[in-house]
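What follows draws every value from the coordinates through simple rules; no lab data is involved. Not measured: the values here are computed from a predicted model. Here the Cβ is made from the backbone with ideal geometry for all residues, glycine too, and neighbour counts use every protein chain on show.
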């Protein structure tokens, strides 16, 4: 069975899903969304930026929608229980963090920090911190950290913006069909649903509505010059 679109099963994509008017759709993890488009189960998939770069020979990049952030990302956090930043760090990371992990690598290298990554099956901050002194936490699990005593050391997306002067670009839309055309009106309409999504997100994961609104206020679904600059930067840096 073919579906028109696969969106990411992450909160940042909720307004896009609510606005979507393009036909059949599904939601999946970044790895499953990539598999859907590569296997032609989905005509279009939103995939992580790094995954696209590593599979660019088999995929056509659509101009939009994208997932980019202007300002604080809030959902890409380097955390610890009590430790400060160190010159040598062991960091637990979960699956489906390839793009954020790439941004973190560039940020830490620019700060002169050496690190070792410990892959984990867990996604929650507490579980990750049981495996290493530091953890990279993303998505809803990162937003939940703001309501805990866990120490936030870096907002990776914001640090990438601060150091490299480019908006972090996390996900792009891809297809295997050359010259695929999409109707773009619904993408602009997605901004209308941000407040509603913020209310639902705050209630669902028990965070403040103010934090949820800040989160959605910074997400961008249409590329600007900064996002295009990031795309070029990542393309030059990743060898397929």
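Quick notes on this structure:
- By the count of neighbouring beta-carbon atoms within 10 Å, fewest first, 2, 12 end up ordered 2, 12.
- Highest-fluctuation residue, 194, 181, 109 considered, GNM on the chain with Cα pairs under 10 Å: 181
- Helix 98-110 and the longest principal axis of the Cα set of the chain meet at an angle near 40°.
- Value of relative contact order over segment 1-91, rounded to a whole percent, pairs C-alpha under 8 Å and six or more apart: 27 percent
- Overall form of segment 148-240 per C-alpha gyration tensor (a/c, 1.5; a/b vs b/c): oblate
- DSSP assigns beta bridges within the chain; of those with both partners inside it, close to 55 percent run antiparallel.
- DSSP beta bridges in segment 76-164 [antiparallel fraction, %, rounded to 5]: 50 percent
- Pairwise centroid distance, computed over Cα atoms, of segment 23-60 with segment 127-186, Å: 17 Å
- Compared with the rule-of-thumb size 2.2 N^0.38 Å for a compact globular protein, segment 80-124 has a Cα radius of gyration ratio of 1.16.
- Neighbour counts of other Cβ atoms within 10 Å put 133, 96 in the fewest-to-most order 133, 96.
- All-pairs alpha carbon distance profile, segment 17-152, 5 Å steps from 0, percent: 2, 9, 17, 20, 18, 14, 10, 7, 3, 1, 0
- Hull shadow area, averaged, segment 76-164 [alpha-carbon convex hull, nm²]: 5.0 nm²
- Residues 5, 186, sorted so that the one with the fewest Cβ neighbours within 10 Å comes first: 186, 5
- Relative contact order, percent, segment 76-164 [alpha-carbon distance under 8 Å, six or more residues apart]: 49 percent
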